[in-house]
């Protein structure tokens, strides 16, 4: 096996090892990445410089310095519920203000009727106009029922991703050099495999960086508009109507009389039946009392 092939295999082994370390990356929080391995000193055909001692420590220091020098990236979100006098007018006013600030409406929903009507809007607005939008909504409302503001600092994660991308890109470029100098089909396939894995990681990192950048540049406001509850009057608008009360009472009396008359009519119609029952009961009772008197006399 030639010296160039040995160097190629050493390079591929280190590259694939770095791929395995990077696979543990997670996008939800600021990950800790391992730097891609430096090219071995025994591979002069690649044209790469050998890694100097202390490179890992210097990269950690460089990352910390980059975080301090980079403008803070904070993802701002707010949840706001307000009461307004004119629901439709204020909703239209908010939409106009958002458009004037360079923002846009992600979602808008209207539900309920009268005092139970609600307008729920999700707003995206440039981060530098976030506070101004909240103040304008407050000034247009009668009462702020609920307000919650959150901020997530993603500066460290972004800088870490950027640093790791540079390392992966440098290794990918050196693999491209190896690919151009490979002389066998086997070498070409191995280099291509490593290149694909590195490119996939670079694409994933670029996607995460784009998401963080866009999220930090546009803040989100979840706004709920609701009308001011109307107070119930002490006296009904129709007023007190004594004639109506008397009419209702007379109607109730008539209905009671009709019900009583109906009961009497039913009893009268059924009088032969319940009359015979009462007569039979009286005769039996009398007979029993007569026997009781005779028994006492004896």
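The values are calculated or read from the model by the stated rules, or taken from the named source; none is laboratory data. Here the structure is a predicted model, which is why all the values come from computation and not from measurement. When we count neighbours, we look across all protein chains shown, and the Cβ atoms used for this are built from the backbone with ideal geometry, even at glycine.
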The correct count of residues that are in a helix (DSSP H, G or I), closer than 26 Å to residue 74 by Cβ and touching a strand residue (DSSP E or B) at 6+ places or on another chain (Cβ under 7 Å) in the stretch 95-135 is 6
List the helices (runs of 4 or more DSSP H) inside the stretch 155-273, counting only whole elements, that have at least 1 residues being in contact with a strand residue (DSSP E or B) (Cβ under 6 Å, 6 or more places away or on another chain) and not assigned by TED's automatic domain parsing to the domain that holds residue 124. 185-217
Please work out if residue 74 is modelled with pLDDT under 95, within 28 Å of residue 214 (Cα to Cα) and more than 20 Å from the chain's Cα centre (by Cα). no
Identify, by number, the condition in (1) surrounded by 13 or more Cβ atoms within 10 Å (Cβ to Cβ); (2) under 23 Å from residue 211 (Cβ atoms); (3) within 19 Å of the chain's Cα centre (by Cα) that residue 150 doesn't meet. (1)
Residue within the stretch 170-180 that is modelled with pLDDT of 90 or more and under 24 Å from residue 213 (Cα atoms) present: yes
